[in-house]
Structures are given as C-alpha cells and as structure tokens.
Amino acid sequence: MSETMPPGFFRRYQELQAYIGWSSEDQQRIRRAAPLLEARLEPLVEDFYRQIERTPGARRVIRGGAEQIERLKVTLVQWMRELLHGPYDEQYVARRWRVGWRHVQIGLAQEYVLAALARLRQGLVQALSETWTADVAELAHAARSLHRLLDLDLMVVNGAYQAEQASEVLRRERDFAENLIEAAGAIVLLLDAEGRVLRFNHFLELLCGLPLAALQGEPWFERCVPPEERAIARDAFDHAMSSDKPCRSTHALLHVNGHRREVEWTNRLLLDFDGRPLGVLA
C-alpha cells in the first residue's frame, strides 16, 4: 500500500459526505465551535496519551519513548486543529489518508485506532457541551455536525486499512501463483498482447538457456522460435488472443546454443480485472 492517496479516493470521500448528509451548514457549525474547542485540545491530547500508557496493545507501537510521545502530541493537536478548521478539500483528505497509512505501517491494530478516535470523540463532544453558550437546541446540531466530521475521518482511516488488507491478499495470491509456476514440471510462459515475454518459469529457462532477465520484454517469437516455425507459433498465439478456448499447437523451442526441442503448446487467453485481453498463457 502506498502513502499516496489512491486515485479516485477523494471522489469517494465526497460521495460519503453526501451519503451522511454533510452540508455547508455543518461547516458553519464546526467553524463556530472551533474557537470554543481550541483551549481544550491540549488537555484532550494529554488524556489521550495517558490512556495509551495504560493500554499495552497501543503502547507497544511507540518505541521512541518520551521524546516520541512529545512529538506525537504536537502532531495530534495539529490533526484536531485541521479537523476543526478545514478546508475539507483533496489535500485535507490526502493528509488524513497518510495518517491512516502511518498507523498501518507501524502495525497498530485497527481496533485501537477505532477506540482512540472514540475517546477523542467523547472528549470533543464533552468539551463542546461545556463551552457552548448559545442556544441549547443549536448545541445538538453542532454536536451532530462534529459527529459527521469525525465519522468521515474514520472512513478515511478505515480506507487505508482496507487498502492494506487488499494488498496483503494480492501479495499472498501472487506468491501462491509464483510458487505454482516455479513448481510446475512443464513450461509456463506468459506473453503480453504483442507477443513480448512477461514471465516464464525455471523449467523454460533450462530449455532455452536464458534467464528471465535476458528475455523479459523481448519479442518471444523472434528470440526463441526457429525462423521456419514462427508463422505457426504466431498463428497459434493470434488464435488464442481471439478465442475464449485453449488453442494447441506444436513448434520448436530454440536454445541459445542453436539446439531445438519440439514442444507441444497449449495457449490460453488471459484477461485483466476489467475483462480486457492481457496476453496469452502458454
């Protein structure tokens, strides 16, 4: 997972704003509440880190001792000030994403992030109720706006954790596929839609005499198929690219030393996640 917010995530954030009913009136209420809460931010941060000291699961990710905690306190105060003052634009969301990403990177379990935000939420709402001097009915509206804003931040942090979980699944699937490819007792060759080498296994490396690094991105037919059989190999490739059924063919594989080995190939079209032709698995 990247520290950079994924493309399209800000658009999703805007959709979530609309979904929960976040409006310009909410922004006005938060703007009105901000100066009332400013004086309470540092006490809230002190309480926040006292609680971390009492919670082993959260405390274990802080390895820099008192100096790190003092730096984190400053960062948390800044986070809450940005929460109260905005603007809630794409840069704001990108900074919130990096906060979530950082918590993922240090290995903080997601439940502790949820609990931490819940504690800050309680403190902010309590501080708002203690400092609000206007109409009591308006206080309820201001608290609701604050809840919506915090919910949106929580959604961004959860997005970072979900992205990491998806990345981990993809890593495991990739590793599993790599192990299968390398363990196969047959040639496994992946060509892109132009017939260039994307990937092959160690079995093919032994038969052609070249490592993947020497052939990756190279035109397969020109490099590894005898000239007199390239038309046969290319026809089989083109047929596979245009069909959803496997295509079989027989043509030689050329070793780097000039020796040939007759190979029976089964070619199958591979599609990407959007259903577009990616290449051919041979």
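Some points to look at:
- Only helices enter this figure: runs of n ≥ 4 DSSP H residues, each worth -39500 (n - 2.57), summed and divided by the residues of the chain, yield -21000 deg cm²/dmol at 222 nm to the nearest 500.
- What you get for segment 65-163, charging only the Cβ of Lys and Arg (+1) and of Asp and Glu (-1), is a dipole of about 260 debye around the Cα centre.
- Estimated vicinal HN-Hα couplings, Hz - segment 61-78 in sequence order (Karplus 6.51, -1.76, 1.60; Gly, Pro = x): 7, 9, 9, x, x, 4, 5, 5, 4, 5, 5, 5, 4, 4, 5, 5, 4, 4
- Three-way shape label, segment 67-114, alpha-carbon gyration tensor, a/c 1.5: oblate
- Rounded percent of accessible protein surface that carbon and sulfur make up, segment 193-234, 1.4 Å probe: 57 percent
- Taking the empirical scaling 2.2 N^0.38 Å for compact globular proteins as reference, the chain has a Cα radius of gyration ratio of 1.53.
- Across all directions, the shadow cast by the convex hull of segment 1-89 built on its C-alpha atoms averages 7.9 square nanometres.
- Surface accessible to a 1.4 Å probe, residue 259 within the full protein complex, Å²: 120 Å²
- Rolling a 1.4 Å probe across all protein chains gives residue 80 an accessible area of roughly 0 Å².
- Solvent exposure of segment 239-282 as accessible area per residue, Å², 1.4 Å probe: 68 Å²
- Full-stretch length increase - residue 69, residue 256 - with 0.36 nm per residue and alpha-carbon distance subtracted: 61.3 nm
- Estimated D of segment 44-128 in µm² per second, where Rh is the Kirkwood radius over Cα pairs and Stokes-Einstein applies at 37 °C, 0.692 mPa s: 239 µm²/s
- Accessible carbon and sulfur surface of segment 62-137 relative to its total accessible area, %, 1.4 Å: 53 percent
- Near residue 253: Cβ cut-off under 14 Å, other residues only, Lys/Arg at +1 and Asp/Glu at -1. The net charge is -2.
- Dipole-positive endmost among 158, 210, 200 within the chain (Cβ charges, Cα centre): 158
- Once the 1.4 Å probe is applied to the protein heavy atoms, segment 24-80 comes out at 61 Å² accessible per residue.
- Amide H partners (placed H, <5 Å) of residue 252, local residues excluded: 263
- Between residue 189 and 282, the built amide H atoms are under 5 Å apart, and every one of these is 5 or more places off in sequence or on another chain.
- Cα-centred dipole magnitude for segment 85-125, charges only on beta-carbon of K, R (+1) and D, E (-1), debye, nearest 20: 120 debye
The values are calculated or read from the model by the stated rules, or taken from the named source; none is laboratory data. Just so it is clear, the structure is predicted and the values come from calculations on it, not from any experiment. Using ideal geometry, Cβ is built from the backbone for each residue, glycine included, and neighbour counts are taken over all protein chains shown. Protein only, heavy atoms only, side chains kept; ligands, DNA and RNA dropped before computing areas. Shrake-Rupley method; radii C 1.70, N 1.55, O 1.52, S 1.80 Å.
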